[in-house]
Protein chains: 2
Amino acid sequence: MDSIKVGLLGMGVVGSGTWTVLNRNAKEIERRAGRKIEISKIATLNVDSARSLVNGKAEVVQNAFDLVRDPNIDIIVELIGGDTIALDLVKEAIENGKHVVTANKAMLAKHGNEIFAKASSKGVMVAFEAAVAGGIPIIKAIREGLTANRIKFIAGIINGTTNFILSEMRSTNLPFKEVLQQAQKLGYAESDPTFDVEGVDAAHKLTLLASLSFGIPVQFDSAHIEGISQLSSEDIVHAEKLGYRIKLLAITKYRPDGIELRVHPALIPSSCLLSNVEGVMNAVFVRGDAVGPTLYYGQGAGGEPTASAVIADLVDVTRLQTADPGSRVPHLAFQADSLSDARILPIELISTSYYLRLRVQDQPGVLADISKILAISNISIGSMIQETCIDNKNEANIIFITHESIERNINQAIKQIESLPVVQSKVTKLRIENIN
Amino acid sequence: MDSIKVGLLGMGVVGSGTWTVLNRNAKEIERRAGRKIEISKIATLNVDSARSLVNGKAEVVQNAFDLVRDPNIDIIVELIGGDTIALDLVKEAIENGKHVVTANKAMLAKHGNEIFAKASSKGVMVAFEAAVAGGIPIIKAIREGLTANRIKFIAGIINGTTNFILSEMRSTNLPFKEVLQQAQKLGYAESDPTFDVEGVDAAHKLTLLASLSFGIPVQFDSAHIEGISQLSSEDIVHAEKLGYRIKLLAITKYRPDGIELRVHPALIPSSCLLSNVEGVMNAVFVRGDAVGPTLYYGQGAGGEPTASAVIADLVDVTRLQTADPGSRVPHLAFQADSLSDARILPIELISTSYYLRLRVQDQPGVLADISKILAISNISIGSMIQETCIDNKNEANIIFITHESIERNINQAIKQIESLPVVQSKVTKLRIENIN
């Protein structure tokens with residue numbers, strides 16, 4: 001059989017990785033796919049460096065639109081990123097009847113509904129394993145491996161930059177800013193790290209995971225997003241003493257009244273597997289009603305790990321090209337005409353446990369006042385620690401661990417607590433997830 | 001579209017679980033599969049109890065051959081187990097053009113080559129996600145998620161019974177026999193536990209994983225198998241002190257000269273994720289050349305977790321029924337005509353690190369004698385501990401941790417060491433795997 005012809009858009013780290021792996025393991029991949037998969041044309045702004053890498057084995061051009069319009073290309077691999085030109089290219093590729101493989105989570109989280117609808121109407125596939133958690137086949141696991149289940153809960157460490165920073169903050173006790181600089185030096189954080197450290201990248205990925213899990217359209221705008229830039233080393237130390245670690249978690253949870261969709265730092269028990277996912281590694285915890293708890297772990301970024309996912313999609317698309325489109329796995333796991341309109345809950349309605357830290361004047365009656373406020377807001381306390389402050393013996397740090405409560409109640413209580421004259425600080429609020 | 005009709009053979013724990021989940025989540029599953037999947041007929045020896053469960057919604061008969069011969073049935077789910085009658089039923093189902101979904105690792109590990117060849121010649125699928133690691137979609141991950149990779153190494157905790165026993169031995173310090181009895185009481189071990197505790201069940205599963213990873217025929221007879229029944233609590237304690245835990249690992253490794261295929265207890269670093277897989281949980285560590293290290297974790301047994309895998313296969317088969325057979329995922333991940341004849345290496349040729357424990361007379365020169373034997377056998381020592389025996393102050397326990405060595409050399413050295421007059425015991429040899 002003729003080889004299947006791939007047009008590769010973008011020759012950065014992942015693009016080069018895809019070229020390298022597809023060539024290095026060509027025989028192995030063909031033994032699996034039953035057909036040779038060949039990158040026949042590459043579009044990149046840096047034509048010269050690409051030409052020196054591919055060494056005449058593929059045509060290299062500057063204009064990416066050449067590829068999406070080339071009738072000899074069967075599949076477009078989009079590795080440009082962002083949602084401006086990449087979106088135009090992907091739409092035109094679909095329009096021209098080409099299948100698309102992409103690692104572009106930002107584009108799909110924001111424009112996925114439109115893209116998938118267009119692809120379905122054209123009878124082509126848009127595959128995106130590489131868009132979430134790099135080399136971990138998590139899209140496939142959820143979309144095909146867990147089809148028997150009502151997915152109940154997902155908690156993912158799906159941003160390597162922030163997980164590296166949190167691992168380092170814990171092991172070195174250094175503040176966020178210093179560790180970020182170190183991460184930048186090591187190439188683990190970009191010069192403008194906002195998307196990673198503020199949780200936006202994780203929220204893009206989470207948006208896709210939630211749609212795959214619950215059969216809902218992508219709804220990035222409804223995600224609640226908090227990053228780690230405001231996180232204090234002090235809280236990492238306190239969490240450790242209490243038997244927790246702090247991770248930037250991407251969480252989505254099914255509830256009868258709606259879906260929780262949120263990215264924020266969270267305390268999780270030190271003994272759970274997710275706690276032990278260190279450095280730039282990624283992991284996704286998925287609970288289904290039949291399968292129970294499952295976890296998927298691996299490298300969430302990097303040229304070859306991400307290429308592993310891109311190529312897995314290429315093999316799938318190659319196989320399913322000739323299949324009746326109605327028999328293919330639906331883009332968002334559920335048939336497009338059976339997506340649910342379950343609402344995304346506002347953050348005030350989520351329900352979880354909380355870690356609250358505040359500084360108070362160390363005098364009789366303080367604890368009673370605060371406890372009363374918590375009780376009135378219907379918040380019960382699981383445990384409490386009080387420590388005299390080192391810098392001022394007349395003041396104390398208090399940490400409360402609450403039982404599961406509604407965030408709105410917590411926020412109300414915090415407001416009242418902060419208005420007490422004896423309270424000397426803002427209340428630091430962190431969520432706790434009891435993953436098992 | 002008409003529902004797809006399934007004949008279910010066997011109504012034990014997994015059969016009942018499959019019925020329950022398929023009915024409870026019928027709507028969710030249909031939203032995914034695009035078609036209703038219906039168990040229309042069930043064969044079981046215990047007709048009455050099955051009838052009371054299915055409550056008229058499916059026909060229940062005693063003779064399983066009725067189902068494999070029923071022209072109205074599209075897919076046979078074989079959950080009888082073993083490789084006698086189940087094998088006959090599966091073969092006849094294939095002969096009659098029916099697809100098969102099975103959880104039967106023993107049958108596939110021993111007769112997989114014949115079964116898959118027959119299925120291919122008939123153009124039907126034999127799906128077996130449930131045969132390895134219960135609900136974890138590990139077959140799909142390796143067969144479809146990692147198609148870009150040369151798989152290098154797999155280490156799995158894929159037998160829940162033995163992992164439960166080892167977890168308990170470590171936490172309670174009780175000997176194997178007592179913990180086994182406890183496991184039997186809890187229903188985690190069978191009354192005849194041989195297949196589990198002697199590593200046979202894990203080897204069945206490993207045989208399948210190795211074929212999927214390396215594109216080789218199933219070769220159960222070439223697997224090296226050791227169980228945990230001879231494992232002493234003492235070694236669990238020593239391992240702990242040295243920073244290791246002992247797990248029953250199913251290991252397969254690619255080497256240019258052949259493939260290692262072995263099940264045995266092994267020391268692994270306490271800090272690695274696999275070490276923290278406790279109780280009846282399963283996990284599989286997979287390293288690919290592009291993706292690097294990955295890990296998949298979940299429940300390896302039980303009615304609903306295993307049903308999760310059975311139903312995922314039913315959805316896949318339902319989707320791919322109408323596909324050109326040549327475009328389906330090959331049974332053993334690689335196209336049947338491109339399987340490799342790489343040999344399985346005999347255990348004497350494997351290469352790993354070792355833990356050696358022996359009891360000696362505590363007198364000058366003993367360590368020198370032993371060290372000399374190790375050096376002559378080309379074994380270098382990573383670390384050594386010597387402890388005076390509590391029950392006899394004239395004797396000492398010595399533990400060596402070796403660097404990576406060839407098993408044949410280790411065995412030769414052990415023979416010579418055991419022949420030294422000062423050596424008072426057999427040498428306990430355990431393998432160490434440096435997973436990361």
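The 3J(HN,Hα) values that the Karplus relation (6.51, -1.76, 1.60; θ = phi - 60°) gives for region A:97-102 are, in residue order, x, 9, 6, 10, 10, 9 Hz. Gly and Pro appear as x. The fewest-to-most ranking of B:Asp316, A:Asp362 by surrounding Cβ atoms within 10 Å reads A:Asp362, B:Asp316. On a 0 to 90° scale, report how tilted helix A:105-122 is relative to the longest principal axis of chain A, with both axes built from alpha carbons and the result rounded to the nearest 10. Once rounded, the angle reads 40 degrees.
Beyond 29 Å in Cα-Cα separation lie the following of the pairs B:Lys36/B:Lys110; A:Lys253/B:Lys41; A:Lys118/B:Lys27: B:Lys36/B:Lys110; A:Lys253/B:Lys41. Relative to the dominant Cα principal axis of chain A, helix A:303-320 is inclined by about 50°.
Counting, for every residue in A:149-157, the Cβ atoms of other protein chains within 10 Å of its Cβ and taking the mean gives 2. Couplings for region B:21-31, taken from phi via the Karplus curve 6.51 cos²θ - 1.76 cosθ + 1.60 with θ = phi - 60°, read 5, 4, 7, 4, 9, 3, 5, 4, 5, 5, 4 Hz in order; Gly and Pro are left as x.
Here region B:209-276 has an Rg and Dmax of 14.2, 41 Å, counting Cα atoms alone.
Provide a whole-number value for the mean count of partner chain Cβ atoms within 10 Å of the Cβ atoms in peptide B:276-286. Across B:276-286, the average partner-chain Cβ count within 10 Å equals 2. Mean-square fluctuations from a GNM of chain B, with a 10 angstrom spring cutoff on Cα atoms, peak among B:Thr162, B:Thr322, B:Thr207 at B:Thr322. Apply the a/c threshold of 1.5 to the C-alpha gyration tensor of the protein assembly as shown and tell me whether it is rounded, prolate or oblate. Verdict is rounded for the protein assembly as shown. Axis angle, to the nearest 10 degrees, between helix B:366-376 and the longest C-alpha principal axis of chain B: 60 degrees. Each listed q (0.10, 0.14, 0.15, 0.17 Å⁻¹) maps to a log10 I(q)/I(0) for region B:222-373, found by the Debye formula over equal Cα scatterers with no solvent: -0.58, -1.02, -1.13, -1.32.
Using only Cα atoms, locate the centre of region A:135-170 and the centre of region A:56-120, then give the distance between them in Å, rounded to an integer. The distance from the Cα centre of region A:135-170 to that of region A:56-120 comes to 25 Å. Counting Cβ atoms of other protein chains within 10 Å of each residue's Cβ and taking the mean over peptide B:127-134 gives 1.
Helix-only arithmetic for chain A: the sum of -39500 (n - 2.57) across DSSP H runs with n ≥ 4, divided by the residue total, places the mean residue ellipticity at 222 nm at -10500 deg cm²/dmol. A cut-off of 5 Å between modelled amide H atoms, ignoring neighbours fewer than 5 places along the same chain, links B:Glu395 with B:Asp362, B:Cys389.
Distant-in-sequence amide contacts of B:Lys36, defined by a placed amide H-H separation under 5 Å and a gap of 5 or more residues or a different chain, comprise B:Ile4. The HN-Hα couplings worked out from phi for region B:221-229 by the Karplus form 6.51 cos²θ - 1.76 cosθ + 1.60 (θ = phi - 60°) are 5, 8, 6, 8, 10, 10, x, 10, 5 Hz, whole numbers, x standing for Gly and Pro. Of all beta bridges that DSSP places with both ends in the protein assembly as shown, some 70 percent have antiparallel geometry.
Over the C-alpha atoms of region B:138-298, the Rg to Rh ratio, Rh being the Kirkwood estimate, stands at 0.97. Stretching the chain fully between B:Asp2 and B:Thr388 yields a gain of 131.5 nm (0.36 nm per residue, less the alpha carbon separation). Between the amide H of A:Gly279 and those of A:Ser167, distances stay under 5 Å, these residues lying 5 or more places away or on another chain, with hydrogens modeled in the peptide plane.
Each value in this text was obtained by applying a stated rule to the coordinates, not by laboratory testing. Here the structure is a predicted model, which means the values were calculated and not measured. Methodologically, a virtual Cβ is constructed for each residue, glycine included, from the backbone with ideal geometry; neighbour enumeration extends over all protein chains shown.
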